[in-house]
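Written below as structure tokens is the structure these notes are about.
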Amino acid sequence: MHVSSQNRKVSESQKSRHTLVIILSTDYVSLFHVIRTMKLSKIPYLVQKEILDNMKYSDLFWLSFVSENMKTLIKSSQVKRFRNIGRVVYESFCDKPIASIHFMTKNKQGTEDVPKKENIIGVFCDYKESEDDCFQLNVSGKVIDFRLSHYYSFPEACFHRHDKEYVIESIHMILWSIFGKQNIPSISFQIFLTYHCGLLFRLKTGR
């Protein structure tokens, strides 16, 4: 099924969020098992923060889709940590466009800061109706299909070419809502792609 209209039933959206947690929990069993077996919002804040502090940035990004309350909790509890993020970069990985986060972290000895990056999301626009390995998420008000990539170890958006513009716009808006300047004043969004660059530049600059 291709990208759907905004008026998709609420029950389907709820199902997609549950599916997301189950899919990701196959790779991050310990952390997502906690989230699946208890209501994170019901436990003390310090415990919530400890759980989120031990998740990768990419995990936090995908977890933010569970609900608006979860997104708010992530942003409020990770303010200090998010200051280590310097850039969100649109780049190519295995000849596919992706978004990645570049940040500073301590080395294994904990003695100095070192640069590191995490790939967050991929984009795959040669989508076929017969593909049945997708799950759906509400991204900036639009229901978009995702799947676990055949090429890399993080999910990718699946869509038809004629849906490219508003899918990329929706992905940019959700990245901005979590990692944008309103949360991280010093962050920059950079583009290192030969495709989609015109659209991404307009989104990045607000033009």
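The values are calculated or read from the model by the stated rules, or taken from the named source; none is laboratory data. Keep in mind it's a predicted model, so treat the numbers as computed, not measured. Using ideal geometry, Cβ is built from the backbone for each residue, glycine included, and neighbour counts are taken over all protein chains shown.
Kindly evaluate Ser149 against the criterion of being modelled with pLDDT under 85, small (Gly, Ala, Ser), touching a Lys or Arg at 6+ places or on another chain (Cβ under 9 Å) and surrounded by 16 or more Cβ atoms within 10 Å (Cβ to Cβ). Outline the logic, then answer.
Working: modelled with pLDDT under 85: yes; small (Gly, Ala, Ser): yes; touching a Lys or Arg at 6+ places or on another chain (Cβ under 9 Å): yes; surrounded by 16 or more Cβ atoms within 10 Å (Cβ to Cβ): yes.
Yes: the conditions hold for Ser149.
Do we find a residue being crowded, with 20+ Cβ neighbours inside 10 Å, modelled with pLDDT under 85 and in a loop (DSSP other than H, G, I, E, B) anywhere in the range 158-178?
The answer is yes, given that some residue of the range 158-178 is crowded, with 20+ Cβ neighbours inside 10 Å, modelled with pLDDT under 85 and in a loop (DSSP other than H, G, I, E, B).
Those residues that are over 17 Å from the mean Cα position of the chain (by Cα) and part of a helix (DSSP H, G or I), I need them from the range 36-75; list them, please.
Arg36, Thr37, Leu40, Ser41, Lys42, Tyr45, Leu46, Val47, Gln48, Lys49, Glu50, Ile51
The conditions are (1) more than 14 Å from Ser177 (Cβ to Cβ); (2) exposed (fewer than 12 other Cβ atoms within 10 Å of the Cβ), and Glu50 fails exactly one of them. Which is it?
Just one mismatch for Glu50, condition (2).
A quick yes/no check of all residues on (1) hydroxyl-bearing (Ser, Thr, Tyr); (2) free of Cβ contacts under 8 Å to residues at least 40 places away in the same chain:
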| position | (1), (2) |
| --- | --- |
| Leu137 | no, no |
| Tyr152 | yes, no |
| Ala157 | no, yes |
| Glu169 | no, yes |
| Leu175 | no, no |
| Gln182 | no, yes |
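State all residues of the range 86-98 that are crowded, with 20+ Cβ neighbours inside 10 Å and either free of Cβ contacts under 8 Å to residues at least 60 places away in the same chain or touching a helix residue (DSSP H, G or I) at 6+ places or on another chain (Cβ under 8 Å) (or both); if no residue qualifies, say none.
If the condition is that a residue be crowded, with 20+ Cβ neighbours inside 10 Å and either free of Cβ contacts under 8 Å to residues at least 60 places away in the same chain or touching a helix residue (DSSP H, G or I) at 6+ places or on another chain (Cβ under 8 Å) (or both), then Val88, Tyr90, Ile98 are the ones that fit.
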